Amino acid sequence: MPLRLTATRGALGIELYEPVEVGPLQLARLSATFPGLRFPVDLSGGVPVFRHRRGDLERLEIVASFSGLSSWLMPRLRAVVGAPERAPVVWAVPQGIAVGLVGARGALAFDLLWAPLHGDARFVVSHVRGAGLDAPALAHALHAVDSAMSGHAQRRGRVVTLESAARRLTRSVFPAVGARAPATGRARFGELLVEGDELHVVLDSTFEPPVIHSTGARALELAALTVEADDALANGDLDAARAAYLVALERAPRHPEITQLIGEIDVLSAGRAEAALGLIVETLPASRSGFVGAELLARTGDLEGAAEAIAHLVQNEPFAPLCALYYLRLAELSSGAPARLGALDRGVAAAPGLAKVRWARLGVRVELGDVAGALADAEHLEAAALGAAARHQTCLRSGRMLLERGFVREAGRSFERALRYVPDDPAATAGLARSLMDAGKSQRAFSLLARAVALSEKAGAADADALVDMARLLATDLEDLPQAIARVRQVPQGSSRAIEAAALEAEWRGLIGDLAGASLAWARMRDRVELAEAPPDAAIGWLVQAARFERETQADVLSAERHLAVALRLSPRDHQLAARYRELAAVVAARARRERDRHLPDAAHASELDSQPPAAASEPPAPDTFAPPGDDDPQAQGDPRDVDLAQRLEGAVRANPADEVLALELADVLFRLGRDEELFALLSARLEEVSERRRADVRVRLTQVLKRLAARATQSGRVSEAALYRARLADFEQG
């Protein structure tokens, strides 16, 4: 029983004679007096005689070490910023403490300013900043406070209060040692003091009401002003929080912290950057508005201003991981690899153990060809990783980065190191094989690829990279195209290389004469491209190759047009691709006309037209009269006279293709009849052949029909087709 009787301030009392730990806190001294006792008092019974007597708390000294607070916070703050890369850091700031967190999603730091209220321990969250987070930094800070103090304290807005702290602490100690907890109503908190790596705070019955310094007083005033907004932000309701902050800003005009909070919310919403930046610059320069100002400047295109804001920000940031992430963002805003490397060098120097920044520097060093520097970063990352699995992933990732840039020998070494930690990993085995392939060691690479495929199949799913690389080896070095086709057929449809596998299968089937199989493989490749969220860059080239195969080998212009349509949807600004599609669309339309005209007496139509020279020689209407008919126009449903005239004009145009007047007259009739696909094919085929004085007329008509085609496709739900027409229309309007 660590209790003893003592005479305290002229009265008999009881005190702890050795420290007692309560969570992260240490009660270094605790003394209480027994009121109403008069001397002389029989003390022969010792503590057991008095331990059930209720006393009054006179003094309580509380000590907490920064390392102890960090260890206590670690499990409670694990999910605030993602999987933690290190334990939370706690350090002293004027009138309070600061907490820093770094995790997979980013870094966060905030101050807890000491603002006691008589016997209540009270802190105010202040000076919150973060980087790489998916929500305003204050929201993460309030979440951290809620996670750490759950069951111990109450939070209202950004104010955290532990009511009757002395009563809670004494009740956790005295009953455990068999004594009655003293009354604590007279005890008041003093100032928070720092001695070495420890925090000290005292409750004493003789203290005057606590004095709150200016920094804490301002923080309390701001907390009272924004309490509803802060609570909405903590609950994840950004719209309600923003509205409440605007109300607070009306009450406290041009308050810098409130405007920055509004800007931070707007950073997460598209289209608000300019408005938020305008709000901030009314209060202070954007380059002095912290990370929020930097992000807003970057989003509005002022990269130099954003870089200046970050450079100013890092000068006063004490939390090293946060400072390093600022440098990482500075590198992302820098133009040119050397400038990015300079920013990343400073970031690594600020926090050498922060993996995200070091990985970024490794990538830039590989880009610049600094292999020695990249390997040094890879070795550091490997050494910092904990456990065989983590080190394996580190070596595997660095090997892939080196291999992508063509550093074959160094990549092979990284893959070999990865296999030391996990010898049967198919990904590392396939990576080593790929590096050997690039080095010209095909036989060794083939055996490793075969092992990688076997290992991945044993694990449940064949490795797509290994299968494709193995198929390429079979096709090129071993000249075994059937077996190569069999390997790419094993590539799972959902893998990142499924599109490439289908393209290789189609190409190789064509080489061995399996034209029908090649056509089916090209169709599978196109379907996979259409379903993919982000098709590879090479997909456009494969689609063009597929269209060429269908047109030249299979004489299937409809399939060829489909391939080119998908390619044009991926790259709508490619003029060469658009010209190919336009040419093919004209062929498709001409073929459709020929199929329809098989049942029409072409010669009779042509002779009948020859007997009406005024109609053939008539000038077409001016371009400005070429407008779509309204829904109530009877011609929009197909006037029989226009139908007959269109048939005669088509025969005349076939008989005399060089007659531009006849072609434009036919275009006008087709437009009135609503035969837009035929009209589009007719005008597309003639755009490059028509004379200079008629080209403007053709362009006007082509623009009109493209607008109508896009509108009809949209109304029918054919979104991809409508996008294709709009892209073609944009090309014409820009040209």
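Just a few scattered comments:
- Among the residues of the range 632-659, those that are modelled with pLDDT under 60 and not in a loop (DSSP other than H, G, I, E, B) comprise Pro634, Gln635, Ala636, Gln637.
- Where helices (runs of 4 or more DSSP H) sit wholly within the range 536-605, those with at least 1 residues that are at pLDDT 85 or above and touching a Phe, Trp or Tyr at 6+ places or on another chain (Cβ under 6 Å) occupy 539-548, 557-570.
- Residue that is modelled with the lowest pLDDT [pool: residues in the range 431-452 that are surrounded by fewer than 24 Cβ atoms within 10 Å (Cβ to Cβ) and closer than 21 Å to Trp508 by Cα]: Ser442
- Residue that is nearest to Ala331 (Cα to Cα), among those in the range 237-268 that are in a loop (DSSP other than H, G, I, E, B) and touching a residue at least 24 places away in the same chain (Cβ under 8 Å): Leu268
Each row is one residue, and each column tells you yes or no for (1) in a loop (DSSP other than H, G, I, E, B); (2) crowded, with 21+ Cβ neighbours inside 10 Å; (3) in contact with a His (Cβ under 6 Å, 6 or more places away or on another chain).
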residue: Ser71; (1), (2), (3): no, no, no
residue: Arg76; (1), (2), (3): no, no, no
residue: Gly82; (1), (2), (3): yes, no, no
residue: Arg86; (1), (2), (3): yes, no, no
residue: Val90; (1), (2), (3): no, yes, no
residue: Ala98; (1), (2), (3): no, no, no
residue: Val102; (1), (2), (3): no, yes, no
residue: Leu108; (1), (2), (3): no, yes, yes
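- Among the residues examined, Val468 does not qualify as in contact (Cβ under 8 Å) with a residue 24 or more places away in the chain, surrounded by 17 or more Cβ atoms within 10 Å (Cβ to Cβ), outside any helix (DSSP H, G or I) and of a type in the set (A, V, I, L, M).
- In the range 154-180, the qualifying residues are those that are in a loop (DSSP other than H, G, I, E, B) and over 35 Å from the mean Cα position of the chain (by Cα), and the one that is farthest from Arg51 (Cα to Cα) is Glu163.
- Complete set of residues in the range 110-121 that are part of a strand (DSSP E or B) and touching a residue at least 40 places away in the same chain (Cβ under 8 Å): Leu112, Leu113, Trp114, Leu117, Asp120, Ala121
- Of all residues in the range 279-307, those satisfying the criterion of being under 24 Å from the mean Cα position of the chain (by Cα), of a type in the set (D, E, K, R) and either surrounded by fewer than 16 Cβ atoms within 10 Å (Cβ to Cβ) or not in a loop (DSSP other than H, G, I, E, B) (or both) are Glu295, Arg299, Glu304.
- Residue list for the range 660-676, restricted to those being assigned to a helix (DSSP H, G or I), crowded, with 16+ Cβ neighbours inside 10 Å and not small (Gly, Ala, Ser): Glu660, Leu662, Leu664, Glu665, Leu666, Asp668, Val669, Leu670, Phe671, Arg672, Leu673, Asp676
- Restricting attention to the range 392-414, the residues that are surrounded by 20 or more Cβ atoms within 10 Å (Cβ to Cβ) and farther than 16 Å from Leu362 by Cα total 2.
- Within the range 676-706, the set of residues being touching a residue at least 60 places away in the same chain (Cβ under 8 Å) and not aromatic (Phe, Trp, Tyr) comprises Glu677, Glu678, Ala681, Leu682, Ser684, Ala685, Leu687, Ala696, Asp697, Val700, Arg701, Gln704.
- Selected residue [part of a helix (DSSP H, G or I), of a type in the set (Asp, Glu) and out of contact with any His (no Cβ under 9 Å at 6 or more places or on another chain)] from Glu317, Glu379: Glu379
- Residue under evaluation Ala234, criteria (1) closer than 28 Å to Gly96 by Cβ; (2) surrounded by fewer than 19 Cβ atoms within 10 Å (Cβ to Cβ); (3) under 27 Å from the mean Cα position of the chain (by Cα), criterion not met: (2)
- For the range 695-711, taking the residues that are surrounded by 16 or more Cβ atoms within 10 Å (Cβ to Cβ) and basic (Lys, Arg), the one that is modelled with the lowest pLDDT is identified as Arg699.
- Enumeration of residues in the range 197-232 that are farther than 20 Å from Val159 by Cα and of a type in the set (Val, Ile, Thr): Val202, Thr206
The values are calculated or read from the model by the stated rules, or taken from the named source; none is laboratory data. Note that this is a predicted model, so its numbers are computed, not measured. Virtual Cβ from ideal backbone geometry, glycine too; neighbours counted across all protein chains shown.
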